[in-house]
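Okay, structure first, notes after.
The values are calculated or read from the model by the stated rules, or taken from the named source; none is laboratory data. Values in this document were obtained by computation on a predicted structure and should not be read as measured data. Methodologically, a virtual Cβ is constructed for each residue, glycine included, from the backbone with ideal geometry; neighbour enumeration extends over all protein chains shown. Areas reflect the complete protein model, heavy atoms only, side chains present, ligands, DNA and RNA absent. Shrake-Rupley method; radii C 1.70, N 1.55, O 1.52, S 1.80 Å.
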Amino acid sequence: MAAMIGHHDAEKAFLEPWTSGRLHHAWLLAGPQGMGKGAFAARVARFLVTHDRAGEGGAPLSLDDPGDDQAGRLVAAGNHPEIIHLTRQVKDKSKDLARNITIDQVRGMIRRLHLSLSLGAWRVVVIDAVDDLEADGANALLKTLEEPPAQTLFLLVSHSPGRLLPTIRSRCRILRFQPVERDVMTAWLHDLRPMLDMAEVRAIVAASGGVPGKALALIDSDVAVMEKKLMAIATGGDRDNRLREALAREVGGTSNRARLELVIDIVPGLLARLARERPLGEIAPVLGQWDRIQRTVRDAVRGSYDGAMVGFEIGNCLAELAPRSGQAAR
(Lines give C-alpha, C1' and ligand atoms only; values in the text may rest on other atoms or scores of the structure.)
Protein backbone atom coordinates (compact mmCIF):
# COMPACT_ATOMS: atom_id res chain seq x y z
CA MET A 1 0.00 0.00 0.00
CA ALA A 2 1.26 3.47 -0.85
CA ALA A 3 2.55 5.51 2.06
CA MET A 4 0.30 8.35 3.14
CA ILE A 5 1.33 11.80 2.00
CA GLY A 6 -0.08 15.17 3.03
CA HIS A 7 -1.59 13.90 6.30
CA HIS A 8 0.98 15.10 8.82
CA ASP A 9 -0.78 18.32 9.85
CA ALA A 10 -4.20 16.64 9.99
CA GLU A 11 -2.83 13.82 12.13
CA LYS A 12 -1.28 16.28 14.57
CA ALA A 13 -4.50 18.32 14.70
CA PHE A 14 -6.44 15.19 15.66
CA LEU A 15 -4.03 13.59 18.14
CA GLU A 16 -3.50 16.72 20.23
CA PRO A 17 -7.15 17.10 21.36
CA TRP A 18 -7.53 13.33 21.76
CA THR A 19 -4.50 13.19 24.05
CA SER A 20 -5.83 16.07 26.15
CA GLY A 21 -9.32 14.56 26.40
CA ARG A 22 -10.98 17.41 24.48
CA LEU A 23 -11.85 15.60 21.27
CA HIS A 24 -14.61 17.29 19.27
CA HIS A 25 -17.46 14.95 18.33
CA ALA A 26 -17.61 15.80 14.59
CA TRP A 27 -14.83 16.43 12.09
CA LEU A 28 -15.22 17.66 8.52
CA LEU A 29 -12.37 16.37 6.35
CA ALA A 30 -12.35 18.89 3.50
CA GLY A 31 -10.25 19.10 0.37
CA PRO A 32 -9.94 18.00 -3.26
CA GLN A 33 -10.95 14.48 -4.20
CA GLY A 34 -7.91 12.21 -4.20
CA MET A 35 -6.16 13.81 -1.22
CA GLY A 36 -6.61 10.64 0.86
CA LYS A 37 -9.34 12.00 3.14
CA GLY A 38 -11.13 8.65 3.14
CA ALA A 39 -7.88 6.85 3.98
CA PHE A 40 -7.27 9.34 6.81
CA ALA A 41 -10.80 8.72 8.15
CA ALA A 42 -10.12 4.97 8.11
CA ARG A 43 -6.90 5.49 10.08
CA VAL A 44 -8.71 7.61 12.67
CA ALA A 45 -11.52 5.06 12.98
CA ARG A 46 -9.05 2.23 13.48
CA PHE A 47 -7.07 4.25 16.01
CA LEU A 48 -10.11 5.08 18.16
CA VAL A 49 -11.57 1.57 18.32
CA THR A 50 -8.18 0.04 19.16
CA HIS A 51 -7.34 2.47 21.98
CA ASP A 52 -8.77 3.23 25.40
CA ARG A 53 -9.83 6.69 26.44
CA ALA A 54 -7.30 9.50 26.18
CA GLY A 55 -4.61 9.53 28.84
CA GLU A 56 -4.63 5.76 29.38
CA GLY A 57 -1.54 3.85 28.32
CA GLY A 58 0.52 6.90 27.30
CA ALA A 59 0.19 9.24 24.35
CA PRO A 60 0.56 7.58 20.91
CA LEU A 61 2.92 9.22 18.48
CA SER A 62 0.95 8.24 15.38
CA LEU A 63 -2.48 7.18 14.18
CA ASP A 64 -0.75 3.98 13.08
CA ASP A 65 -0.02 2.99 16.69
CA PRO A 66 -1.30 -0.63 16.76
CA GLY A 67 -3.31 -0.47 19.99
CA ASP A 68 -5.44 -3.48 20.94
CA ASP A 69 -4.53 -6.44 18.75
CA GLN A 70 -7.94 -8.16 18.83
CA ALA A 71 -9.79 -4.99 17.86
CA GLY A 72 -7.20 -4.36 15.14
CA ARG A 73 -7.88 -7.77 13.60
CA LEU A 74 -11.62 -7.02 13.51
CA VAL A 75 -10.95 -3.72 11.75
CA ALA A 76 -8.68 -5.40 9.21
CA ALA A 77 -11.42 -7.94 8.48
CA GLY A 78 -14.04 -5.20 8.13
CA ASN A 79 -16.03 -6.65 11.03
CA HIS A 80 -15.54 -4.21 13.89
CA PRO A 81 -19.04 -3.55 15.34
CA GLU A 82 -18.33 0.04 16.35
CA ILE A 83 -17.31 1.38 12.94
CA ILE A 84 -20.25 2.53 10.81
CA HIS A 85 -19.48 3.46 7.22
CA LEU A 86 -21.96 5.28 4.96
CA THR A 87 -21.26 5.63 1.25
CA ARG A 88 -23.15 5.37 -2.01
CA GLN A 89 -24.28 1.82 -2.65
CA VAL A 90 -24.15 -0.20 -5.86
CA LYS A 91 -27.44 -0.11 -7.74
CA ASP A 92 -29.44 -3.30 -8.17
CA LYS A 93 -28.38 -5.29 -11.26
CA SER A 94 -25.76 -2.66 -12.07
CA LYS A 95 -22.13 -1.95 -11.24
CA ASP A 96 -22.80 1.80 -11.12
CA LEU A 97 -23.17 3.57 -7.78
CA ALA A 98 -26.38 5.21 -6.67
CA ARG A 99 -26.49 8.99 -7.07
CA ASN A 100 -26.88 9.63 -3.33
CA ILE A 101 -26.50 8.26 0.18
CA THR A 102 -30.15 7.68 1.04
CA ILE A 103 -32.25 8.73 4.01
CA ASP A 104 -32.79 5.02 4.78
CA GLN A 105 -29.03 4.56 5.19
CA VAL A 106 -28.91 7.51 7.60
CA ARG A 107 -31.87 6.18 9.57
CA GLY A 108 -30.17 2.80 9.86
CA MET A 109 -27.07 4.51 11.20
CA ILE A 110 -29.11 6.46 13.76
CA ARG A 111 -30.78 3.26 15.01
CA ARG A 112 -27.37 1.73 15.63
CA LEU A 113 -26.32 4.81 17.62
CA HIS A 114 -29.08 4.05 20.13
CA LEU A 115 -27.42 0.73 21.02
CA SER A 116 -24.85 0.44 23.79
CA LEU A 117 -21.19 0.04 22.87
CA SER A 118 -20.37 -3.65 22.54
CA LEU A 119 -16.60 -3.38 22.20
CA GLY A 120 -14.10 -0.71 23.22
CA ALA A 121 -14.55 2.90 24.29
CA TRP A 122 -15.59 4.55 21.00
CA ARG A 123 -18.02 4.29 18.12
CA VAL A 124 -17.01 5.94 14.83
CA VAL A 125 -19.29 7.00 11.97
CA VAL A 126 -17.56 7.64 8.62
CA ILE A 127 -19.64 9.29 5.87
CA ASP A 128 -17.76 9.28 2.56
CA ALA A 129 -18.70 11.56 1.04
CA VAL A 130 -21.11 13.68 3.05
CA ASP A 131 -21.64 15.71 -0.17
CA ASP A 132 -23.63 12.72 -1.47
CA LEU A 133 -26.35 12.82 1.20
CA GLU A 134 -29.95 13.28 0.09
CA ALA A 135 -31.54 16.46 1.46
CA ASP A 136 -33.61 14.50 4.00
CA GLY A 137 -30.53 12.55 5.00
CA ALA A 138 -28.57 15.76 5.59
CA ASN A 139 -31.33 17.09 7.83
CA ALA A 140 -31.46 13.84 9.79
CA LEU A 141 -27.68 13.91 10.23
CA LEU A 142 -27.87 17.50 11.45
CA LYS A 143 -30.24 16.52 14.27
CA THR A 144 -27.82 13.81 15.36
CA LEU A 145 -24.85 16.20 15.27
CA GLU A 146 -26.82 18.65 17.44
CA GLU A 147 -27.37 15.98 20.12
CA PRO A 148 -24.54 13.48 19.61
CA PRO A 149 -24.39 10.22 21.60
CA ALA A 150 -21.56 9.95 24.12
CA GLN A 151 -18.26 8.44 22.92
CA THR A 152 -19.31 8.71 19.27
CA LEU A 153 -17.14 10.40 16.67
CA PHE A 154 -18.35 11.55 13.25
CA LEU A 155 -15.90 11.81 10.35
CA LEU A 156 -17.50 13.60 7.39
CA VAL A 157 -15.47 13.43 4.17
CA SER A 158 -16.24 16.35 1.85
CA HIS A 159 -14.86 17.23 -1.58
CA SER A 160 -17.10 20.34 -1.80
CA PRO A 161 -17.72 21.66 1.74
CA GLY A 162 -19.32 24.83 0.35
CA ARG A 163 -22.28 22.74 -0.83
CA LEU A 164 -23.08 21.44 2.66
CA LEU A 165 -25.69 22.88 4.97
CA PRO A 166 -24.01 25.73 6.89
CA THR A 167 -25.49 24.27 10.07
CA ILE A 168 -23.65 20.99 9.46
CA ARG A 169 -20.37 22.81 8.84
CA SER A 170 -20.84 24.88 11.99
CA ARG A 171 -21.07 21.77 14.16
CA CYS A 172 -17.83 20.29 12.88
CA ARG A 173 -14.19 20.99 13.41
CA ILE A 174 -12.74 21.38 9.92
CA LEU A 175 -9.54 19.65 8.82
CA ARG A 176 -8.42 20.97 5.44
CA PHE A 177 -6.34 18.77 3.16
CA GLN A 178 -4.33 21.02 0.85
CA PRO A 179 -2.62 20.00 -2.41
CA VAL A 180 0.92 18.74 -1.81
CA GLU A 181 3.86 20.88 -2.93
CA ARG A 182 5.30 19.92 -6.30
CA ASP A 183 8.79 18.94 -5.10
CA VAL A 184 7.35 16.79 -2.30
CA MET A 185 5.00 15.07 -4.76
CA THR A 186 7.84 14.48 -7.21
CA ALA A 187 10.05 12.83 -4.58
CA TRP A 188 7.10 10.74 -3.30
CA LEU A 189 6.15 9.47 -6.76
CA HIS A 190 9.78 8.76 -7.66
CA ASP A 191 10.20 6.66 -4.50
CA LEU A 192 6.86 4.94 -5.13
CA ARG A 193 7.46 4.14 -8.81
CA PRO A 194 11.26 4.26 -9.36
CA MET A 195 10.89 2.63 -12.79
CA LEU A 196 9.25 5.77 -14.20
CA ASP A 197 11.33 8.27 -16.14
CA MET A 198 11.75 11.52 -14.19
CA ALA A 199 10.34 13.54 -17.08
CA GLU A 200 7.17 11.46 -16.92
CA VAL A 201 7.03 11.83 -13.13
CA ARG A 202 7.21 15.61 -13.47
CA ALA A 203 4.47 15.58 -16.11
CA ILE A 204 2.22 13.49 -13.88
CA VAL A 205 2.86 15.76 -10.89
CA ALA A 206 2.00 18.82 -12.97
CA ALA A 207 -1.23 17.23 -14.25
CA SER A 208 -2.22 16.06 -10.77
CA GLY A 209 -2.35 19.54 -9.26
CA GLY A 210 -0.75 18.27 -6.07
CA VAL A 211 -3.44 15.61 -5.46
CA PRO A 212 -1.81 12.24 -4.63
CA GLY A 213 -4.78 10.07 -5.60
CA LYS A 214 -5.03 11.77 -8.95
CA ALA A 215 -1.30 11.26 -9.57
CA LEU A 216 -1.67 7.52 -8.91
CA ALA A 217 -4.67 7.36 -11.25
CA LEU A 218 -2.66 9.09 -13.95
CA ILE A 219 0.14 6.55 -13.60
CA ASP A 220 -2.23 3.60 -13.70
CA SER A 221 -4.01 5.02 -16.75
CA ASP A 222 -0.72 5.23 -18.72
CA VAL A 223 -0.24 8.86 -19.66
CA ALA A 224 1.90 8.20 -22.73
CA VAL A 225 -0.60 5.79 -24.31
CA MET A 226 -3.56 8.12 -23.82
CA GLU A 227 -1.62 11.13 -25.09
CA LYS A 228 -0.69 9.18 -28.22
CA LYS A 229 -4.36 8.36 -28.86
CA LEU A 230 -5.43 11.98 -28.50
CA MET A 231 -2.63 13.19 -30.76
CA ALA A 232 -3.69 10.66 -33.41
CA ILE A 233 -7.13 12.29 -33.52
CA ALA A 234 -5.64 15.81 -33.66
CA THR A 235 -3.23 14.98 -36.49
CA GLY A 236 -5.26 12.46 -38.49
CA GLY A 237 -8.76 13.85 -38.20
CA ASP A 238 -10.41 10.48 -37.51
CA ARG A 239 -12.62 10.53 -40.61
CA ASP A 240 -14.54 7.36 -39.72
CA ASN A 241 -15.07 8.31 -36.03
CA ARG A 242 -13.37 5.08 -34.96
CA LEU A 243 -10.85 6.75 -32.61
CA ARG A 244 -13.47 9.05 -31.09
CA GLU A 245 -15.86 6.18 -30.43
CA ALA A 246 -13.04 4.20 -28.78
CA LEU A 247 -12.17 7.25 -26.64
CA ALA A 248 -15.80 7.63 -25.55
CA ARG A 249 -15.91 3.97 -24.48
CA GLU A 250 -12.68 4.29 -22.51
CA VAL A 251 -13.80 7.30 -20.47
CA GLY A 252 -17.53 6.56 -20.15
CA GLY A 253 -19.20 5.42 -16.93
CA THR A 254 -18.46 5.90 -13.25
CA SER A 255 -15.70 3.29 -13.17
CA ASN A 256 -13.72 5.22 -15.83
CA ARG A 257 -13.89 8.65 -14.20
CA ALA A 258 -10.11 8.69 -13.57
CA ARG A 259 -9.45 8.15 -17.28
CA LEU A 260 -11.78 10.98 -18.19
CA GLU A 261 -9.97 13.29 -15.77
CA LEU A 262 -6.68 12.13 -17.29
CA VAL A 263 -7.90 13.16 -20.76
CA ILE A 264 -9.03 16.55 -19.44
CA ASP A 265 -5.61 17.03 -17.81
CA ILE A 266 -3.65 16.00 -20.92
CA VAL A 267 -5.52 18.18 -23.42
CA PRO A 268 -4.07 21.61 -22.38
CA GLY A 269 -0.49 20.41 -22.85
CA LEU A 270 -1.36 18.73 -26.12
CA LEU A 271 -3.00 21.88 -27.49
CA ALA A 272 -0.04 23.97 -26.33
CA ARG A 273 2.26 21.66 -28.29
CA LEU A 274 0.10 21.97 -31.41
CA ALA A 275 0.09 25.76 -31.06
CA ARG A 276 3.90 25.86 -30.82
CA GLU A 277 4.26 23.73 -33.93
CA ARG A 278 1.99 25.88 -36.10
CA PRO A 279 2.56 29.23 -37.80
CA LEU A 280 1.38 32.27 -35.87
CA GLY A 281 -1.63 32.73 -38.16
CA GLU A 282 -2.91 29.22 -37.39
CA ILE A 283 -2.91 29.47 -33.59
CA ALA A 284 -6.40 30.99 -33.33
CA PRO A 285 -8.22 27.72 -34.23
CA VAL A 286 -6.29 25.89 -31.50
CA LEU A 287 -7.35 28.46 -28.90
CA GLY A 288 -10.91 28.27 -30.18
CA GLN A 289 -11.08 24.51 -29.68
CA TRP A 290 -9.61 24.89 -26.19
CA ASP A 291 -12.45 27.29 -25.30
CA ARG A 292 -14.93 24.78 -26.72
CA ILE A 293 -13.46 21.95 -24.64
CA GLN A 294 -13.62 24.07 -21.49
CA ARG A 295 -17.31 24.84 -22.13
CA THR A 296 -18.01 21.14 -22.69
CA VAL A 297 -16.40 20.17 -19.39
CA ARG A 298 -18.18 22.96 -17.46
CA ASP A 299 -21.57 22.01 -18.89
CA ALA A 300 -20.97 18.34 -18.10
CA VAL A 301 -20.03 19.05 -14.48
CA ARG A 302 -23.22 21.10 -14.04
CA GLY A 303 -25.28 18.32 -15.58
CA SER A 304 -25.06 14.55 -15.37
CA TYR A 305 -21.32 14.36 -16.16
CA ASP A 306 -21.76 11.91 -19.04
CA GLY A 307 -18.16 10.76 -19.50
CA ALA A 308 -18.73 9.18 -22.89
CA MET A 309 -20.30 12.37 -24.24
CA VAL A 310 -17.46 14.51 -22.87
CA GLY A 311 -14.84 12.19 -24.33
CA PHE A 312 -16.47 12.14 -27.78
CA GLU A 313 -16.86 15.92 -27.83
CA ILE A 314 -13.21 16.41 -26.85
CA GLY A 315 -12.36 14.10 -29.73
CA ASN A 316 -14.51 16.25 -32.05
CA CYS A 317 -12.60 19.36 -31.01
CA LEU A 318 -9.24 17.70 -31.63
CA ALA A 319 -10.35 16.30 -34.98
CA GLU A 320 -11.20 19.84 -36.12
CA LEU A 321 -7.52 20.72 -35.72
CA ALA A 322 -6.26 18.05 -38.11
CA PRO A 323 -4.56 19.53 -41.18
CA ARG A 324 -6.70 19.47 -44.30
CA SER A 325 -5.29 17.68 -47.34
CA GLY A 326 -4.14 20.96 -48.90
CA GLN A 327 -2.34 21.99 -45.72
CA ALA A 328 -0.71 18.62 -45.29
CA ALA A 329 0.81 18.83 -48.78
CA ARG A 330 2.59 22.15 -48.13
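Select from Val130, Val211, Val106 the residue whose mean-square fluctuation is largest in a Gaussian network model of the chain (Cα-Cα springs shorter than 10 Å).
Greatest mean-square fluctuation among the candidates belongs to Val106.
Rolling a 1.4 angstrom probe over the protein chains, ignoring ligands and nucleic acids, what is the accessible area of Trp290 in square angstrom, nearest 10?
Around 70 Å² of this residue is reachable by solvent.
Which of Ala232, His190, Cys172 sits closest to the plus end of the dipole of region 161-288, meaning its Cα is farthest towards the positive end, when Lys and Arg get +1 and Asp and Glu get -1 on the C-beta?
Looking along the dipole axis, the top candidate is Cys172.
Under the rule of at least 5 residues apart or a separate chain, name every residue whose amide H is placed under 5 Å from the amide H of Phe154.
For Phe154, whose amide H was placed from the backbone, the distant partners under 5 Å are Ala26, Trp27, Val125.
To the nearest 20 debye, what is the magnitude of the charge dipole of the chain about its Cα centre, counting +1 on the Cβ of each Lys and Arg and -1 on the Cβ of each Asp and Glu?
720 debye
How much solvent-accessible surface does Leu318 expose, in Å² to the nearest 10, with a 1.4 Å probe and all protein chains in place?
Rounded to the nearest 10, the figure is 0 Å².
I need the peptides 197-204, 250-257 ranked by packing, meaning the mean over residues of other C-beta atoms within 10 angstrom, with the highest value on top.
The packing order, highest mean first, is 250-257, 197-204.
Compare Met185, Met309, Met231 by solvent-accessible area with a 1.4 Å probe and give them largest first, with all protein chains kept in place.
Met309, Met231, Met185
Express the accessible area of the chain per residue in Å², computed with a 1.4 Å probe while the remaining protein chains stay in the model.
Numbers: 17600 Å² over 330 residues.
Per residue, the chain has 53 Å² of solvent-accessible surface.
Based on the alpha-carbon gyration tensor of the chain and its eigenvalue square roots a ≥ b ≥ c, which shape applies: rounded if a/c is under 1.5, prolate if not and a/b is larger than b/c, or oblate? Let's see the in-between values first.
Working: a/c = 2.74, a/b = 2.00, b/c = 1.37.
The shape class here is prolate.
By accessible area of protein heavy atoms, probe 1.4 Å, what ranking do Ser116, Ser20, Ser158 get, highest first?
Final ranking, largest accessible area leading: Ser116, Ser20, Ser158.
According to the square roots a ≥ b ≥ c of the eigenvalues of the Cα gyration tensor, what is the shape class of region 204-273, taking rounded for a/c under 1.5, prolate for a/b larger than b/c otherwise, and oblate for the remainder?
oblate
How much mean residue ellipticity at 222 nm does the chain get from its helices, if each DSSP H run of length 4 or more adds -39500 (n - 2.57) and you divide by all residues, to the nearest 500 deg cm²/dmol?
Rounded to the nearest 500, it is -16500 deg cm²/dmol.
Work out from phi, with θ = phi - 60° and the Karplus expression 6.51 cos²θ - 1.76 cosθ + 1.60, the ³J(HN,Hα) of each residue of region 184-198, listed in order in whole Hz, and give x for Gly and Pro.
Whole-Hz 3J(HN,Hα) from phi for region 184-198: 5, 4, 4, 5, 5, 5, 5, 5, 6, 10, x, 6, 6, 5, 4.
So which residue, out of Glu146, Glu82, Glu11, gets the largest mean-square fluctuation from a GNM of the chain using Cα contacts under 10 Å as springs?
Fluctuation is largest for Glu146.
For the chain, what % of the accessible area comes from carbon and sulfur atoms, probe 1.4 Å?
Carbon with sulfur: 51 percent of the solvent-accessible area.
Among Ala76, Ala248, Ala150, determine the one that fluctuates most according to a GNM of the chain built with springs between C-alpha atoms less than 10 Å apart.
The residue with the greatest mean-square fluctuation here is Ala76.
Contour minus end-to-end for Arg298 and Arg112, with contour as 0.36 nm per residue of separation and end-to-end as the Cα-Cα distance? Kindly include the intermediate steps, with their values, before the conclusion.
Values: separation 186, 0.36 × 186 = 66.96 nm, distance 4.04 nm.
Stretched fully, the Arg298-Arg112 segment lengthens by 62.9 nm.
Give the cross-link partners of Lys12 among the aspartates and glutamates, using a straight C-alpha distance below 17 Å as the criterion and excluding same-chain residues fewer than 8 apart.
Cross-link targets: Asp64, Asp65.
Would you mind classifying region 239-279 by shape? Square roots of the alpha carbon gyration tensor eigenvalues, ordered a ≥ b ≥ c; an a/c under 1.5 is rounded, otherwise it is prolate if a/b is larger than b/c and oblate if not.
oblate
Could you compute the FRET efficiency for Ala76 and Arg276, with r as their C-beta to C-beta distance and R0 at 51 Å, rounded to 0.05? Spell out each step's value before the answer.
Numbers: r = 52 Å, r/R0 = 1.01.
Computed FRET efficiency for Ala76 and Arg276 comes out at 0.50.
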